[in-house]
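Chemist: Questions regarding the structure given below will be posed in turn.
The values are calculated or read from the model by the stated rules, or taken from the named source; none is laboratory data. The structure displayed is predicted, hence computed values, not measured ones. When we count neighbours, we look across all protein chains shown, and the Cβ atoms used for this are built from the backbone with ideal geometry, even at glycine. For the accessible areas, the whole protein counts, side chains as well, though only heavy atoms, and no ligand, DNA or RNA atoms are used. Shrake-Rupley method; radii C 1.70, N 1.55, O 1.52, S 1.80 Å.
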Amino acid sequence: MATTPRRPLMAGNWKMNLTHLEAIALVQKLAFSLNDDDLEKVEVAVLPPFTDIRSVQTLIDADRYNIAYGGQDLSPHDSGAYTGDISGAMLAKLGCTYAVVGHSERRQYHAETDEQVAAKIKAAYRHGLTPILCIGEPLEVRQESRHVEHTLAQLDGGLDGLGAEQAASIVVAYEPVWAIGTGEVATPDDAQEMAAAIRERLAKLYSADVAAAVRVLYGGSVKASNVKPIMEQPDVDGALVGGASINADEFALIARYHRNP
Ligand SMILES: O=C(CO)COP(=O)(O)O
C-alpha cells in the first residue's frame with residue numbers, strides 16, 4: 001500500500017461568533033503567532049461565519065498569510081430561490097478552500113439528514129471546495145457501545161454516490177456530540193479507535209489508497225492542553241476546534257502543538 005504522509009490540519013470552526021471586525025483582529029493575531037515552519041508542518045484553517053469571509057479573504061490576500069479558510073455549511077443547490085442559503089459557487093468565488101458539511105449542530109438544529117449531507121458534499125466538489133464531513137455519536141449511543149456503528153453509518157450516508165477520486169480528498173471530522181462544547185474531551189484512545197474505524201471503512205468503500213489519503217480529524221473540547229496526545233495517535237490527522245479557536249492565542253498554541261514538550 002502506497003502511503004503518502006498526511007499533512008495535519010488544524011481547523012477553527014468559529015460557529016456563530018465574531019463580527020467581521022473581530023474576525024480581522026483574530027486572523028491578524030493568529031498569523032503573527034505562527035511562523036513559516038509552523039505553517040509548513042501544519043495546515044491551519046479558519047471557518048468563519050459567512051458574513052466574515054470577505055473580510056478574511058481580503059486580509060489573507062493582502063498580507064499573503066498562509067492560512068486557509070472556508071464556510072461552515074453550503075447549500076446542496078448551486079443557485080435559485082433558497083432564501084438565506086449560501087452556494088458553493090459563492091464560497092469558491094471568495095477563495096474558500098473548505099466547506100464544513102453535516103456538523104452535529106446543523107443536524108440537530110436544522111434537522112439535516114445524511115441524504116442532505118451527501119448532496120452538500122457533491123455541491124462542494126462541483127465548485128472545487130473540499131468538504132469537511134462531520135460525524136459522531138450522541139452520549140446515549142456511546143453508553144450503549146454503538147458509537148462505531150452509528151458514526152460509520154453517518155460516514156456511509158454522507159459518502160453515498162461519491163466517486164473514489166473525490167473521496168480521496170475529503171476531510172472527515174469525528175466529533176462525538178457529548179464532547180462538543182462540554183469540556184469533556186474524548187481520550188486519545190477513543191479518538192484513535194474511531195479514526196481507525198473510519199479509515200478501515202474507507203478502505204472497504206473505496207480502496208487502501210483512498211483510506212491512506214483521507215485526513216481524519218478529531219473535534220470536541222480540543223484545547224492547547226489536550227491536543228498533543230490526540231495528535232500522536234496514528235490515525236488522527238488534525239483537529240476541528242470550536243470554542244478554543246475564537247481565542248487567537250489559544251488556537252495558535254493548538255496549531256503549534258508540535259512545539260510543546
Ligand atoms: O464542534 C466543534 C468543532 O466543529 C467542537 O467544538 P468545541 O471545541 O467548542 O467543543
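Chemist: Quick test for you: out of Leu91, Leu39, pick the one residue that is within 18 Å of the chain's Cα centre (by Cα), open to solvent by less than 10 Å² (accessible area, probe 1.4 Å) and under 28 Å from Gly220 (Cβ atoms).
Modeler: Working: Leu39 fails: open to solvent by less than 10 Å² (accessible area, probe 1.4 Å).
It is Leu91.
Chemist: When you check Ser221 against the structure, is it closer than 29 Å to His20 by Cα, of a type in the set (Gly, Ala, Ser), within 12 Å of the ligand (Cβ to nearest atom) and in a helix (DSSP H, G or I), yes or no? If you could, list the steps in order and put the result at the bottom.
Modeler: Details: closer than 29 Å to His20 by Cα: yes; of a type in the set (Gly, Ala, Ser): yes; within 12 Å of the ligand (Cβ to nearest atom): yes; in a helix (DSSP H, G or I): no.
Taking the combined requirement at face value, the residue does not satisfy it.
Chemist: Mind checking which pairs have a first residue in region 92-105 that is on the phi > 0 side of the Ramachandran plot and a second that is among the basic types (Lys, Arg) and within 16 Å of the ligand (Cβ to nearest atom), Cβ under 9 Å, 6 or more apart or different chains?
Modeler: Close Cβ pairs satisfying both conditions: Gly102/Lys120.
Chemist: Let me ask something else. Against the definition (among the hydroxyl-bearing types (Ser, Thr, Tyr), over 25 Å from Lys228 (Cα atoms), modelled with pLDDT of 95 or more and under 21 Å from the mean Cα position of the chain (by Cα)), how does Ser75 come out, yes or no?
Modeler: On the way: among the hydroxyl-bearing types (Ser, Thr, Tyr): yes; over 25 Å from Lys228 (Cα atoms): yes; modelled with pLDDT of 95 or more: yes; under 21 Å from the mean Cα position of the chain (by Cα): yes.
Criteria met by Ser75.
Chemist: Which of the numbered conditions does Thr113 fail, given that it passes all the others? Conditions: (1) within 16 Å of the ligand (Cβ to nearest atom); (2) open to solvent by 40 Å² or more (accessible area, probe 1.4 Å); (3) not small (Gly, Ala, Ser).
Modeler: (1)
Chemist: A follow-up question, please. Being touching a strand residue (DSSP E or B) at 6+ places or on another chain (Cβ under 8 Å), closer than 25 Å to Asn226 by Cα and at pLDDT 95 or above, is that true of even one residue in region 137-151?
Modeler: Going residue by residue through region 137-151, those that are touching a strand residue (DSSP E or B) at 6+ places or on another chain (Cβ under 8 Å) are 151.
Add one more test, that the residue is closer than 25 Å to Asn226 by Cα, and what stays is 151.
Those still in the list that are at pLDDT 95 or above too: 151.
Yes, region 137-151 has at least one match.
Chemist: Is it true that Ile135 is under 22 Å from Asp237 (Cβ atoms), out of contact with any Pro (no Cβ under 8 Å at 6 or more places or on another chain) and either surrounded by fewer than 23 Cβ atoms within 10 Å (Cβ to Cβ) or in contact (Cβ under 8 Å) with a residue 24 or more places away in the chain (or both)? Give the derivation first.
Modeler: Working: under 22 Å from Asp237 (Cβ atoms): yes; out of contact with any Pro (no Cβ under 8 Å at 6 or more places or on another chain): yes; either surrounded by fewer than 23 Cβ atoms within 10 Å (Cβ to Cβ) or in contact (Cβ under 8 Å) with a residue 24 or more places away in the chain (or both): yes.
In short, yes.
Chemist: All but one of (1) part of a helix (DSSP H, G or I); (2) open to solvent by 10 Å² or more (accessible area, probe 1.4 Å); (3) away from the ligand (no atom under 15 Å from the Cβ) hold for Leu253; state the number of the condition that does not hold.
Modeler: (3)
Chemist: Could you figure out which of (1) in a loop (DSSP other than H, G, I, E, B); (2) out of contact with any strand residue (DSSP E or B) (no Cβ under 6 Å at 6 or more places or on another chain); (3) more than 22 Å from Lys93 (Cα to Cα) isn't true of Arg6?
Modeler: (2)
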